[in-house]
């Protein structure tokens, strides 16, 4: 708490209010007879000549309560959506860990994107010029850095790289979630990509934690097998 003394303006305001209050106490009829003022303040005079809350004040209270209820409902909906997304993410992890090879891993990722998350597709892109596993998207050297930035790890929003990553599905992709992956030794750069037909499916203000989690699972799973 501040120990600073009240400012001169605060003291002047308090003195003015005491004068106004004393005046109103001595002349109460001035308020009771001023209907415009009562309406502006949301007050009214009942039959016993007592000032009480009127419709305007009650409306403000109702509006405040509605805002509280709306905010609480929004928080509850967000928490429920986050819980559902986490549950689906963990189920998707189990699916990915059962992959038998690179091609099966790519298929399972796409199935998880469509069936568990309601997205258009999910793909794995890998930079060349070395061979790219079957079912994965071949990317030119430096592509990942050009899209995510030299040290960028993820990007959500407009569908950059859609033509290369999503091929025949590119026309219906309106937003994407991209996460950098690094595989094998020597390291090869790649990207885990989810595409949505909804422009608001992925937006820059969303967190990328769950997508990044899936990217780490794909990395570890893919490194079980060499590229043949």
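The values are calculated or read from the model by the stated rules, or taken from the named source; none is laboratory data. Here the structure is a predicted model, which means the values were calculated and not measured. Positions of Cβ are backbone-derived with ideal geometry, glycine not excepted, and every protein chain shown enters the neighbour counts.
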Could you identify the single residue in 127, 158, 151 that is in the same structural domain as residue 207 (by TED's automatic domain parsing) and buried (at least 16 other Cβ atoms within 10 Å of the Cβ)?
-> 127
Is it the case that residue 145 is part of a helix (DSSP H, G or I), within 17 Å of residue 122 (Cα to Cα) and assigned by TED's automatic domain parsing to the domain that holds residue 114?
-> no
Which condition breaks for residue 52 when tested against (1) surrounded by fewer than 19 Cβ atoms within 10 Å (Cβ to Cβ); (2) at pLDDT 95 or above; (3) touching a strand residue (DSSP E or B) at 6+ places or on another chain (Cβ under 7 Å)?
-> (2)
Could you say which residue among 86, 114 is surrounded by 11 or more Cβ atoms within 10 Å (Cβ to Cβ) and either outside any helix (DSSP H, G or I) or modelled with pLDDT of 90 or more (or both)?
-> 114
In segment 170-196, anything touching a strand residue (DSSP E or B) at 6+ places or on another chain (Cβ under 9 Å) and more than 19 Å from residue 214 (Cβ to Cβ) is listed as 170, 172, 174
